[in-house]
Amino acid sequence: MDLGGLSVWSPLELSVRVAGAATAVSFVAATLTARLLAHKSGPMPALLDSLCTLPLVLPPTVLGYYLIVLVGRRGVFGQALAEWGINLIFSWQGAVVAATVVVFPLIYKSARASLEQVDRHLEDAARTLGASEWRVFFSISLPLAWKGIFAGIMLAFARGMGEFGATLMIAGNIPGKTQTLALAIYDAFQAGEDHRATFLVLITSAACVALLLVAEFLMKFGRRRA
């Protein structure tokens, strides 16, 4: 569909791509981090837990500023990335980085809570039988904690679909290149294109509702099979 000379499907496709990539990266990083910090106590684990959760409470513009300081052209890692031919500013890959930082805590908190609820006697029994720590994790801990982690994944994907502030600062709002659904809605509203803004809002709402319904169905299906 084309409204106002611009396709409304391009932002949808980009949003799905960005949210999917960010969720996949966050799933791996957040689950491994949760595994390392689960059942840990003390000042250092508490500090690391706070840092992992920080993106949930910081304003998106602050996260965007931190990302520019770190990976911008003149950032801490910007020049090193440039030498490798990697430029995250004003690119869809930059949008993925921004979304990853935003959705990471959602999976991390769900994963840590779920892993800490796993019966430790089952894990100890596997260790007694000679299983390595990683085998215990992949064979015992992860399968038993999967429902909670999956809920975090679905929430992270939905949140990634609507990411706005950090994405705008690091990736910009370039139609057809970095303009996600959230940015397209803002752009259409600012331009007075109410019909296009309304249509994009409806698409976003429908996509998120469908995602949550699918997640709920899969969770109930998993419980019935269990």
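The values are calculated or read from the model by the stated rules, or taken from the named source; none is laboratory data. These numbers come from a predicted model, not from an experiment. We place every Cβ from the backbone using ideal geometry, glycine too, and count neighbours over all the protein chains shown.
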Test for Ala24: is it surrounded by fewer than 16 Cβ atoms within 10 Å (Cβ to Cβ) and under 18 Å from Phe157 (Cβ atoms)
yes
Condition set assigned to a helix (DSSP H, G or I) and crowded, with 17+ Cβ neighbours inside 10 Å, scope segment 66-86, selection nearest to the chain's Cα centre (by Cα): answer is Leu67
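From the list Ala29, Ala34, Ala46, Ala22, exactly one residue is closer than 26 Å to Ala197 by Cβ and in a helix (DSSP H, G or I). Which is it?
The conditions single out Ala22.
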Those residues that are buried (at least 20 other Cβ atoms within 10 Å of the Cβ) and under 15 Å from the mean Cα position of the chain (by Cα), I need them from segment 165-179; list them, please.
Ala166, Thr167
For the structure I just gave you, tell me whether Leu212 is over 11 Å from Pro11 (Cβ atoms), part of a helix (DSSP H, G or I) and within 17 Å of the chain's Cα centre (by Cα).
yes
Does Ala156 count as closer than 15 Å to Val16 by Cα, small (Gly, Ala, Ser) and surrounded by fewer than 13 Cβ atoms within 10 Å (Cβ to Cβ)?
no
Against the condition buried (at least 18 other Cβ atoms within 10 Å of the Cβ) and more than 21 Å from Glu163 (Cα to Cα), how does Ala38 come out, does it pass?
yes
Which ones in segment 185-204 are part of a helix (DSSP H, G or I), surrounded by 14 or more Cβ atoms within 10 Å (Cβ to Cβ) and in contact with a strand residue (DSSP E or B) (Cβ under 8 Å, 6 or more places away or on another chain)?
Arg196, Phe199
Go through (1) touching a residue at least 40 places away in the same chain (Cβ under 8 Å); (2) on the phi < 0 side of the Ramachandran plot one by one and return the number of the condition Gly148 breaks.
(1)
So which of Ala156, Ala210, Ala191, Ala151 is hydrophobic (A, V, I, L, M, F, W, C) and modelled with pLDDT of 90 or more?
Ala156
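Report yes if some residue within segment 109-126 is closer than 22 Å to Thr204 by Cβ and surrounded by 14 or more Cβ atoms within 10 Å (Cβ to Cβ); otherwise report no.
no
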